[in-house]
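Note sheet for the following structure.
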Amino acid sequence: MKNKEQPQELIITSKIIALREENVLLDFHLAESYGVETRALKQAVRRNKDRFPGDFMFELTNDEIDAVVSQNVIPSKKHFGGATPFAFTENGVAMLSSVLKSKVAIDMNIAIMRTFTIIRKALMVQQDIKGELNDVKKQLIAHEDKLLLIFDYLKQLEQAKQKESDFKSRKRIGYKP
């Protein structure tokens with residue numbers, strides 16, 4: 001069963017975009033995944049507006065629509081047909097399962113929630129790696145400082161040896177016994 005879900009999760013991952021510092025899915029992608037019209041999905045959400053606060057779902061601004069178009073998430077503004085798209089956060093997608101009750105919607109909702117979990121785990125691993133890299137950088141800086149100090153000491157030693165060598169090889173003057 002896991003093999004069957006994997007391509008579905010990859011497809012969902014490709015549709016998740018970042019807006020307002022959130023990972024979101026747009027209404028038309030969700031409608032396509034659930035096998036319903038975007039218009040029907042929006043109607044269901046509007047009928048249950050109190051279930052979708054601002055941190056669950058928001059309408060895109062014109063600047064955000066331009067950004068989505070420029071990122072090639074959609075081909076053009078005409079794709080929306082004059083309607084402003086909704087963006088659903090992970091919580092909003094979870095809430096959709098209480099609004100859309102078809103078998104396809106429930107199965108797709110489960111896949112989407114798993115995808116968000118996978119992304120969250122990947123971000124945590126990325127943060128761990130970032131922390132480890134910062135530790136390595138700090139160690140390298142500390143080692144670099146120590147190496148520079150060693151090279152400075154070696155240079156001073158070399159200069160002292162050169163002075164000693166110059167002193168021994170100079171032409172002697174004065175009384176010779």
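Throughout, read-outs are computed from the coordinates displayed, never taken from laboratory work. What you are looking at is a predicted structure, and each value in this text was computed from that prediction instead of being measured. Here the Cβ positions follow ideal geometry from the backbone for every residue, glycine too, while neighbour counts run over all protein chains shown.
Looking only at the range 20-43, filter to residues that are surrounded by fewer than 17 Cβ atoms within 10 Å (Cβ to Cβ) and of a type in the set (Gly, Ala, Ser); which one of those is farthest from GLY82 (Cα to Cα)?
Looking at the filtered set, the residue picked out is GLY35.
Select, from LEU100, LEU147, the only residue that is under 30 Å from LEU41 (Cβ atoms) and aliphatic (A, V, I, L, M).
LEU100
Just checking, how many residues over the range 22-38 are closer than 17 Å to ASN62 by Cα and among the acidic types (Asp, Glu)?
1
If you go through the range 34-54 one residue at a time, do you hit one that is touching a residue at least 60 places away in the same chain (Cβ under 8 Å) and within 19 Å of LEU10 (Cα to Cα)?
Looking through the range 34-54, at least one residue is touching a residue at least 60 places away in the same chain (Cβ under 8 Å) and within 19 Å of LEU10 (Cα to Cα).
Taking the criterion of being without any contact (Cβ under 8 Å) to a residue 12 or more places away in the chain, assigned to a loop (DSSP other than H, G, I, E, B) and among the hydrophobic types (A, V, I, L, M, F, W, C), would at least one residue in the range 132-142 satisfy it?
The answer is no, given that none of the residues of the range 132-142 is without any contact (Cβ under 8 Å) to a residue 12 or more places away in the chain, assigned to a loop (DSSP other than H, G, I, E, B) and among the hydrophobic types (A, V, I, L, M, F, W, C).
For the range 94-119, enumerate the residues that are in a helix (DSSP H, G or I), without any contact (Cβ under 8 Å) to a residue 12 or more places away in the chain and basic (Lys, Arg).
LYS103
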